[in-house]
Each structure stands twice: as C-alpha cells, then as structure tokens.
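Below: the structure, in structure tokens.
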Amino acid sequence: MNLDNPATIELAHVRLAHGRRVILRDVSLSIGQGEFIGVLGPNGAGKTTLMRALLGLVAPDAGEIRVLGKPVARGNADIGYMPQVRSTMAGRRLRGRDFVACAADGHRWGVPHLDRAARAAIEHALAIVGAQRLADRPLAELSGGERQRLLLAQCLLGEPKLLLLDEPLISLDPNHQASVVELVRRIQRELDITVLFSAHELNPLLGALDRVLYLGNGDAALGPVAEVITGPVLSRLYGAPIDVMRVNGRIFVMSGGVEIEKHDHQHESGQEHDDAHGDADAHRHQHHEAG
C-alpha cells in the first residue's frame, strides 16, 4: 500500500440510499492505492449499491464521492467491474478468448472486430490471470473457478487502477474460493491496484485483506480486521447484539448462537441481487466507455 499517493476512493459526508433504504448516512472514509479491501455486511446492507455509486451509476443524496482524485463519473476506464449476476455464462458456447474479447468494446455486446493492439491486450489479460489454456475452450465446459478467471481477465482490459468485484465467490466450493482469492491478491500486488472485494463471509478473505469495510444500519466501519470485527462494532452495524468468536484462525460472527453470515446468505431476500440483475450486462462494460 502506497499512502504517499492520493487516495483511490474518498467519501466525504456521503448519504446514499436505494429506494427507501438508507445505505450510508453521513459516512466519510478513504481507501489508499494498492489496498485489498473486503466489503462485508448483513444482507441488504448495500454492498452492490456502493459499488454502483463508485461507478457513477447511483448518485449520492448528499456529500461527495471521488475516485482516483476525481468526482465519480460513468464510463471511467480506470475501473474494472465484475457484477454479481453471472449465471448466463454457463450456457454460452463462446470460447474463453472470445468471451474476454466481448468486453473490449464497451458500446455493445458481442465479439468485436479487433485490431492488433486489442488482440495483444486480450492475450496479456489472459496471461495475467493464468487462463491461456482456457482461451480455446467453450465456457460451457469450464468450472466456476475457471470462468471467474475469464471474468477477471475481462476486468483487467484497459489496465484499470481499481477493481470492484461483487461477490465473486458465490456458488464456488471452498477450494475454488481459495484459488480465486489467491489469484486476485497476486494480481493486486503485481499491478499495485486497489481492490474492493465484496463477500457474504469473512473467512475466505482473511489471508488477503489489508482492511475490511463493513456496512450496516446506514453506517460503515473501515479498518483492520482486529479493530472492525468486534462485538461492539458489529452490534452497532447490525443494530442487534453480536458476539465474535475466534477459533483456529477462523472468525465466527454470532447472534444468539447462530452464525449470522451463513444465516444471512441462506435466507437472502434477493433485494440486492435484483438491484444488480436488471442491467448487469450493461454495467459490466460501463467502465470501458471512455476507453
């Protein structure tokens, strides 16, 4: 992390809402260049909405959001974005290389006509994520973890300085979760980029995090895991008594004897999923419009 450079993300007295639900209420925070930030919170806390706000797709009701030293704006080519809803990938007969190429032109979906520079950029992105062997295979034949590599390659086209990854571990088994987190951490360090990685559970991210951003109850807490993942802080963010247990290197967030992160995930209302679903494909390419 290089704190001598301007912050990658700055929120100043931001109020952010989704419909009648307040996501952030007068929140100020700063995230530096090269930080790996885990974004967590109870179901419906607004993780997706915050990422959409950083993309310029949702305007705050008050305050200011700045990304890479500038006010947020749609089509920022310095942001790579992986949306939450990706179920349509499985049935596609596209080859891996062609799927990555679909993100090379942000104005329309489909395999574009590519010049030499664009083809070179695609091969470079495939190499960064270690997906060269997937390039000629159809998406339908790939595992969830392999598809995540291709989605990450899409995000890296245009050499972004900020990656927003919305629940990239959904539907992956623990081994694939670990490999995705390890891959993102390696890329983040090699490229010295900032990563916001949202998840419903903290433990898969523990070995990679610089800091955690926990959302809830219209508020946010940003800091090291040891300072944020505590009973008092999470009780404030959940609006209910929370206990935190640490066992064999794992952390369990408990409410009344129930592990609350797993409980939330198993009983999702779909509200934030619906928030992301309607225009996920359009959002995936939003950051290329300026490129």
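Measuring only protein heavy atoms, the 1.4 Å probe finds HIS124 accessible over about 100 Å². Subtracting the Cα-Cα distance of LYS70 and ARG246 from their residue separation scaled by 0.36 nm leaves 59.4 nm. For the pair SER30 and ASP136, a Förster radius of 41 Å applied to the C-beta separation gives a FRET efficiency near 0.40, rounded to the nearest 0.05. Counting heavy atoms of the protein chains alone, LEU205 has an accessible area of about 0 Å² for a 1.4 Å probe.
Given R0 = 22 Å, the distance between the Cβ atoms of ALA59 and ARG236 translates into a calculated FRET efficiency of 0.25. Of the accessible area of the stretch 95-196, computed with a 1.4 Å probe over protein heavy atoms only, carbon and sulfur atoms account for 49 percent.
Packing here is the average count of other Cβ atoms within 10 Å per residue, and on that basis the peptides 49-58, 179-188, highest first, run 49-58, 179-188.
On the beta carbon distance between ALA178 and VAL258, with R0 = 35 Å, the FRET formula returns roughly 0.90. Proximity of backbone amide H atoms, modeled 1.01 Å from N, is registered between ALA77 and ALA290 at under 5 Å, excluding neighbours fewer than 5 places apart on the same chain. Taking 7 Å steps out from each Cα toward its Cβ at LEU191 and ALA117 produces label points 1.8 nm apart.
The values are calculated or read from the model by the stated rules, or taken from the named source; none is laboratory data. Predicted, not measured: the structure shown is a model, and the values here were computed from it. Quick reminder, even Gly has a Cβ in these numbers, built from the backbone with ideal geometry, and neighbours come from all protein chains shown. All accessible areas refer to the heavy atoms of the entire protein, side chains included, with ligands and DNA or RNA removed. Shrake-Rupley method; radii C 1.70, N 1.55, O 1.52, S 1.80 Å.
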